[in-house]
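> I have a structure I would like to understand better, so I am pasting it below and will then ask my questions one at a time.
The values are calculated or read from the model by the stated rules, or taken from the named source; none is laboratory data. Quantities reported herein were computed from a predicted structural model and do not represent experimental measurements. Cβ sites come from the backbone with ideal geometry, for glycine too, and all protein chains shown count toward neighbours.
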Amino acid sequence: MRTQRSFRINSTSQSKKALLQWAKAYRNVVWLDSNLHRDQYSSFDACLAVVASQELNGLDELQSFVEQERDWLFGYFSYDFKNELEDLSSNNFDALGFPILQFYRPNKIIIIDDGQLHFKYLDAFADEIEIDYEKITNGQQGKSSTKQSDPIKIKMRIHKDAYFEKAHRFLEHIHRGDIYEANFCQEFYVEEVSIDPWETYEKLNGISEPPFAAFARLDDRYLMCASPERYIKKMGQKVISQPIKGTAARGKDEFEDEKIKKGLSQDKKERSENIMITDLVRNDLSKSALKGSVKVEELCKLYTFKQVHQLISTIVSKVSSDKNPLELIKETFPMGSMTGAPKISAMNIIEQLEETKRGLYSGAVGYFAPNGNFDFNVVIRSILYNATKKYVSFSVGSAITAKSDPEREYQECLLKAKAMRTVLEEREK
């Protein structure tokens, strides 16, 4: 089905740049980059999938492909995929227009790992491997046609006073017992603007260099994602989920940085947020886990990135060898860190109080592999762009709990928005 060839490379960073440049010629692109973060659950350094031989936009056809075909699929589930799984709806304003889900079977896959370029092409395109390898190594590339001359004026969908009013309404629901945590998100947006999504992604990724970065071009819609968070991964019979809850800015120097790290690690409110979502993920994984196999490998472990410190928990389980991969997604989607708990109640209240349809934001981007494995991130720290509508959007959120201070939550949102705002505002300089 696929022809495979591997070539030794001298530099991973140079090869990544060359692949992204070469990919500009294509209208269907998914790029996944670990930014050299390596642990026991890493898959590869980076992966590029281009050219759709088959496109899937519905749950039934996706289910059929996963069950019957033994091949790769790349794409995303938007947050609104939840409406296909539960008695939920999303009727808020949406200017981006991303489909609920979109996957494609790529003609060409190129993986960077172990100091090599691994080409995995459908057999019908096998004779293009050598040609493409030469183009990539010689720097022949597609061109980015977007001119970035329009001025940027970033607007907020929810202004500060309205944010506080809505945060207090979340707290009312919590004090009433409807929920005990909810992730409250707000949109920043720019209208009538053209950006270069490739350059924007490279700048955004360069700021934080997170382990689950992604770039996607699907016709006229683009995702530029610098996510530090894994939603869910399947490795054989093992399932891994790694929710993030708890964020603090980096310090100005090593002394301040250590003080902030200690403060975050011991912060009762941040830890309680993380523990609540860890329990939710344990419950989600237990729906299909073999008895006694759900375990918390890491609880509120502090991870440091270029811009922020984060508390991350790692929950694992074991499933039967014949477990349907898509069923695992359906049982756990969306990631609890982006909803709250109890999950259904939180999603209903979120829909009432947020102003914008989340769409791809807080959804998941990744792949299904031929052997039934998969890996998906959480779409946060991301810029979304509809080139036809000339509309740019990024959203951020924070968890509201009984101990939340709306002012502090608002400042956390601004901290999370900093990288996206910086990239967009400084693009003309």
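Conditions (1) free of Cβ contacts under 8 Å to residues at least 24 places away in the same chain; (2) surrounded by fewer than 20 Cβ atoms within 10 Å (Cβ to Cβ), marked per residue:
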| site | (1), (2) |
| --- | --- |
| Ser227 | no, no |
| Lys233 | no, no |
| Ser241 | no, no |
| Lys245 | no, no |
| Phe255 | yes, yes |
| Gln266 | yes, yes |
| Arg271 | no, yes |
| Asn274 | no, no |
| Val281 | no, no |
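> Just to verify a result, which residue in segment 19-33, among those that are part of a strand (DSSP E or B) and under 21 Å from Pro211 (Cβ atoms), is farthest from the chain's Cα centre (by Cα)? Step through it out loud before you land on a result.
Filtering segment 19-33 down to residues part of a strand (DSSP E or B) leaves 28-33.
Filter once more, so that each one left must be under 21 Å from Pro211 (Cβ atoms): 29-33.
Working: Val29: 15, Val30: 12, Trp31: 12, Leu32: 10, Asp33: 11 Å.
Applying the filter and picking the extreme gives Val29.
> Filter segment 106-138 down to residues that are over 26 Å from the mean Cα position of the chain (by Cα) and more than 16 Å from Trp22 (Cα to Cα) and give me whichever is surrounded by the most Cβ atoms within 10 Å (Cβ to Cβ). Give the steps one after another, and end with the answer.
Filtering segment 106-138 for residues over 26 Å from the mean Cα position of the chain (by Cα) gives 122-138.
Keeping just the survivors that are more than 16 Å from Trp22 (Cα to Cα) gives 122-127.
On the way: Leu122: 19, Asp123: 9, Ala124: 11, Phe125: 17, Ala126: 14, Asp127: 10.
Here the residue is Leu122.
> Follow-up question, since we're still on this one. Here are some residues: Asp219, Asp178, Asp196. Which one is surrounded by fewer than 21 Cβ atoms within 10 Å (Cβ to Cβ), among the acidic types (Asp, Glu) and within 21 Å of Gln102 (Cβ to Cβ)?
That would be Asp219, the only listed residue that is surrounded by fewer than 21 Cβ atoms within 10 Å (Cβ to Cβ), among the acidic types (Asp, Glu) and within 21 Å of Gln102 (Cβ to Cβ).
> Is it the case, given these coordinates, that Ala364 is buried (at least 23 other Cβ atoms within 10 Å of the Cβ), modelled with pLDDT under 95 and either under 24 Å from Asn28 (Cα atoms) or touching an Asp or Glu at 6+ places or on another chain (Cβ under 7 Å) (or both)? Explain how you work it out, then say what you get.
Working: buried (at least 23 other Cβ atoms within 10 Å of the Cβ): yes; modelled with pLDDT under 95: no; either under 24 Å from Asn28 (Cα atoms) or touching an Asp or Glu at 6+ places or on another chain (Cβ under 7 Å) (or both): yes.
No: the conditions fail for Ala364.
> Can you name the residue in segment 181-193 that is in contact with a strand residue (DSSP E or B) (Cβ under 7 Å, 6 or more places away or on another chain) and not hydrophobic (A, V, I, L, M, F, W, C) and, of all such residues, is surrounded by the fewest Cβ atoms within 10 Å (Cβ to Cβ)? First the steps, then the outcome.
At the first step, the residues of segment 181-193 found to be in contact with a strand residue (DSSP E or B) (Cβ under 7 Å, 6 or more places away or on another chain) are 181-191, 193.
Okay, now just the ones that are also not hydrophobic (A, V, I, L, M, F, W, C), so 181, 183, 186-187, 189, 191.
On the way: Glu181: 25, Asn183: 25, Gln186: 21, Glu187: 25, Tyr189: 19, Glu191: 12.
In this case the residue turns out to be Glu191.
> Any residue in segment 298-315 that is part of a helix (DSSP H, G or I) and either modelled with pLDDT of 95 or more or over 25 Å from Ala248 (Cα atoms) (or both)?
Step one: list which residues in segment 298-315 are part of a helix (DSSP H, G or I), which gives none.
Checked segment 298-315: no residue is part of a helix (DSSP H, G or I) and either modelled with pLDDT of 95 or more or over 25 Å from Ala248 (Cα atoms) (or both).
> Looking at segment 388-398, is at least one residue outside any helix (DSSP H, G or I), in contact with an Asp or Glu (Cβ under 8 Å, 6 or more places away or on another chain), at pLDDT 95 or above and of a type in the set (Lys, Arg)?
So far as segment 388-398 goes, yes, one or more of its residues are outside any helix (DSSP H, G or I), in contact with an Asp or Glu (Cβ under 8 Å, 6 or more places away or on another chain), at pLDDT 95 or above and of a type in the set (Lys, Arg).
> Report, by residue number, each residue of segment 216-250 that is modelled with pLDDT of 95 or more and among the hydroxyl-bearing types (Ser, Thr, Tyr).
Tyr222, Ser227, Tyr231, Ser241, listed by residue number.
> Still on this structure, I have one more. Find the residue count for segment 34-51, including only residues that are in a strand (DSSP E or B) and closer than 14 Å to Tyr367 by Cα. Let's see the steps before the verdict.
Taking segment 34-51 first, the residues in a strand (DSSP E or B) are 46-51.
If we keep only those that are closer than 14 Å to Tyr367 by Cα too, we end up with 46-50.
Matching residues across segment 34-51 total 5.
> Here's another thing I want to ask about it. Which of (1) at pLDDT 95 or above; (2) in contact with a Ser or Thr (Cβ under 9 Å, 6 or more places away or on another chain) is the odd one out, the single condition Ser43 does not satisfy?
(1)
> Looking at segment 349-360, is at least one residue within 11 Å of the chain's Cα centre (by Cα) and within 22 Å of Arg217 (Cβ to Cβ)?
Taking segment 349-360 as the starting set, the residues that turn out to be within 11 Å of the chain's Cα centre (by Cα) are 360.
Then keep just the ones that are within 22 Å of Arg217 (Cβ to Cβ); that gives 360.
Yes, some residue in segment 349-360 is within 11 Å of the chain's Cα centre (by Cα) and within 22 Å of Arg217 (Cβ to Cβ).
> Can you list the strands (runs of 3 or more DSSP E) found entirely within segment 136-253 that contain at least 1 residues being of a type in the set (Asp, Glu)?
Details: elements: 181-190, 212-218, 221-227, 230-235, 238-242, 244-249.
Fully inside segment 136-253 and qualifying: 181-190.
> In addition: Does segment 1-18 hold any residues that are assigned to a loop (DSSP other than H, G, I, E, B) and crowded, with 20+ Cβ neighbours inside 10 Å, and which are they? Break it down stepwise before answering.
First pass over segment 1-18, keeping only residues assigned to a loop (DSSP other than H, G, I, E, B): 1, 9-11.
Within segment 1-18, no residue meets the criteria.
> Quick one: Gly75 ticks every box in (1) touching a strand residue (DSSP E or B) at 6+ places or on another chain (Cβ under 7 Å); (2) of a type outside the set (Ser, Thr, Tyr); (3) more than 22 Å from Ser362 (Cα to Cα); (4) not in a helix (DSSP H, G or I) except a single one, so which number is it?
Single failed check for Gly75: (3).
> Looking only at segment 169-211, count how many residues are over 25 Å from Asp94 (Cα atoms), in contact (Cβ under 8 Å) with a residue 24 or more places away in the chain and over 23 Å from the mean Cα position of the chain (by Cα).
Matching residues across segment 169-211 total 7.
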